[in-house]
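Encoded as structure tokens, the structure appears first; notes follow it.
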Amino acid sequence: MACCILGIESSCDDTSAAVLRDGWLLSNVIASQDVHKAFGGVVPELASRAHEQNIVPVVSEALSRAGIAREDLSAIAFTRGPGLLGSLLVGSSFAKALSLSLDIPMVMVNHLQGHLLANFVKQEGAENRAPAFPYLCLLVSGGNSQIVRVDSPLEFEILGQTIDDAVGEAFDKCSKMLGLGYPGGPVIDRLARQGDPERFHFAKPHLPGLDYSFSGIKTSLLYFVRDEMAKDPSFLENNKEDLCASFQKTLIDILMDKLVKAARQTGIREITIGGGVSANSGLRERLVREGERRRWNTYLPEFKFTTDNAAMIAIAGYYRYLAGERCPMDIAPVSRMADF
Ligand code: KG4
């Protein structure tokens, strides 16, 4: 019998539902929340309310696009955490209600594991390249910057991670500081394409091991712009492309230096990236280039799987379901998940 999994993702500001049949994607619906733009960041209370409004239509649409009835579902996979608690509560409560009404099991998924396994979602007409185990994933988003070793769909080990800000936060905070808007990553990415990445230089942190730090570069950019503006008030306006290109290059250098080190230390040549920042065009190009140079096999997720989506939750849940995992009704979502 076919195994149909309904995935539900509501960890931050995207309400998403997806249906997979035996690992093949039948639908992936995402309702994004524009309401946060005016505030320059996600407002948790507004996010929860929007999830509550979106969840029923989004799940209905996912089932309808998949062309299956609720009764055809084998299990429901939902994001337990990490994320905003109010947002997670909407998805998990909905999953529980549906699981009870259909009398089918639930599987809980760590959101980050979804990002790590995104390349395993199979799609009709696509290349469907997925890394062989073990592989390394550079997981980079608004909340995380980690290098993770993945030994199987159920076995993960964090080799290094940020000790302060996530790289996505550095993009977002610096964009705000430069008056470029929110979310900062896509804006800086776009402007960087027209700028000179070698024009300005920012100090890089010197951390031992495979850990990252991104708080210093933010301060470095802030002081640099402040000093230049004191000399020339139009400095920012006249140099924003070069500033973005140089700032982005520094972030990519920091990310890649440790990834190269991790690959060397582990001897692993299967390399992937995941999370919101993996949509960055500079990072993607650099990974491919480094991969060719170092004879890695590199895997870039499709853009639609870089941001939060339920397809990745459904695939992570699918493997857990096959392994016999089931989630009890009294499970509660958690905003932080210390480890895998
Ligand atoms: O994984 P994600 O959608 O969710 C959270 O972590 O909450 O990641 C969002 C992050 C934001 O910081 C956003 O600025 C960043 O991903 N991002 C990008 C790009 N697109 C999104 N950063 C750099 N370049 C991009 N093209």
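The values are calculated or read from the model by the stated rules, or taken from the named source; none is laboratory data. In this text the structure is predicted, and so the values were computed from the model without any measurement. So basically every Cβ, Gly included, is an ideal-geometry build from the backbone, and we count neighbours across all protein chains shown. Just so you know, the surface numbers come from the protein's heavy atoms only, side chains and all, with ligands and any DNA or RNA stripped out. Shrake-Rupley method; radii C 1.70, N 1.55, O 1.52, S 1.80 Å.
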| request: Using a 1.4 angstrom probe on heavy atoms only, work out the carbon and sulfur share of the accessible area of the chain in %. | output: 51 percent
| How much net charge surrounds ARG21 when only the other residues with a Cβ under 13 Å from the Cβ of ARG21 are counted, with Lys and Arg +1 and Asp and Glu -1? | -1
| Taking the chain as a Gaussian network, Cα atoms linked when under 10 Å apart, which of ASP151, ASP232, ASP189 shows the biggest mean-square fluctuation? | ASP232
| field | Within region 173-208, trypsin sites (Lys or Arg not before Pro) in DSSP loop having at most 16 other beta-carbon neighbours inside 10 Å | value | ARG193, ARG199
| Value of D in µm² per second that Stokes-Einstein yields for the chain, Kirkwood Rh from Cα pairs, at 20 °C (1.002 mPa s) | 104 µm²/s
| field | Per residue, in Å², the accessible surface of region 135-301 once ligands and nucleic acids are set aside, probe 1.4 Å | value | 44 Å²
| task | Among MET229, GLY179, VAL167, flag the residue with its Cα farthest along the positive direction of the charge dipole of region 135-301, charges on Cβ as +1 for Lys/Arg and -1 for Asp/Glu. | result | VAL167
| Which net charge results for the neighbourhood of SER87, defined as the other residues with beta-carbon distances under 15 angstrom from its beta-carbon, given Lys and Arg at +1 and Asp and Glu at -1? | -3
| Taking θ as phi - 60°, what are the ³J(HN,Hα) couplings along region 35-40 by the Karplus curve (6.51, -1.76, 1.60), each to the nearest whole Hz, with x for Gly and Pro? | 4, 7, 3, 4, 9, x
| message | If I build a Gaussian network model for the chain, linking alpha-carbon pairs within less than 10 angstrom, which residue out of PRO208, PRO105, PRO131 has the largest mean-square fluctuation? | response | PRO208
| task | Specify the longest stretch of the chain that does not include any exposed loop site, a site being one of the GluC sites (Glu not before Pro) with a non-H, G, I, E, B DSSP assignment and at most 12 other Cβ atoms within 10 Å. | result | 199-340
| Dimensionless Rg over Rh [region 135-301; C-alpha; Kirkwood] | 0.99
| remark: The base-10 log of I(q)/I(0) that the Debye equation returns for region 103-190 at q = 0.19 Å⁻¹, one scatterer per C-alpha, is -0.96
| task | Report the charge-dipole magnitude of the chain in Debye, nearest 20, computed about the Cα centre from +1 at each Lys and Arg Cβ and -1 at each Asp and Glu Cβ. | result | 560 debye
| field | Dipole magnitude of region 135-301 about its Cα centre (Cβ charges: Lys, Arg +1; Asp, Glu -1), debye to nearest 20 | value | 320 debye
| region 71-160: trypsin sites (Lys or Arg not before Pro) falling in loop per DSSP and having at most 14 other Cβ within 10 Å | ARG129
| query | Say the cut-off is 26 Å between C-alpha atoms; which of LYS249/LYS304; LYS37/LYS96; LYS218/LYS261; LYS173/LYS249; LYS37/LYS204; LYS37/LYS240 go over it? | reply | LYS37/LYS96; LYS37/LYS204
| request: Using only alpha carbon positions, build the gyration tensor of region 208-340, then give the equivalent ellipsoid semi-axes as the square roots of 5 times its eigenvalues, largest first, whole angstrom. | output: 36, 21, 15
| field | Debye equation applied to the C-alpha atoms of region 195-251, log10 I(q)/I(0) at 0.22, 0.24, 0.27 Å⁻¹ | value | -0.85, -0.97, -1.13
| task | Could you give me the percent of Cα pairs per 10 Å distance bin for region 62-211, shortest bin first, beginning at zero and ending with the bin that holds the maximum distance? | result | 9, 25, 32, 24, 8, 2, 0
| request: Identify the chymotrypsin sites (Phe, Trp or Tyr not before Pro) of region 255-326 meeting these criteria: DSSP loop state and at most 14 other C-beta atoms within 10 Å of the C-beta. | output: none
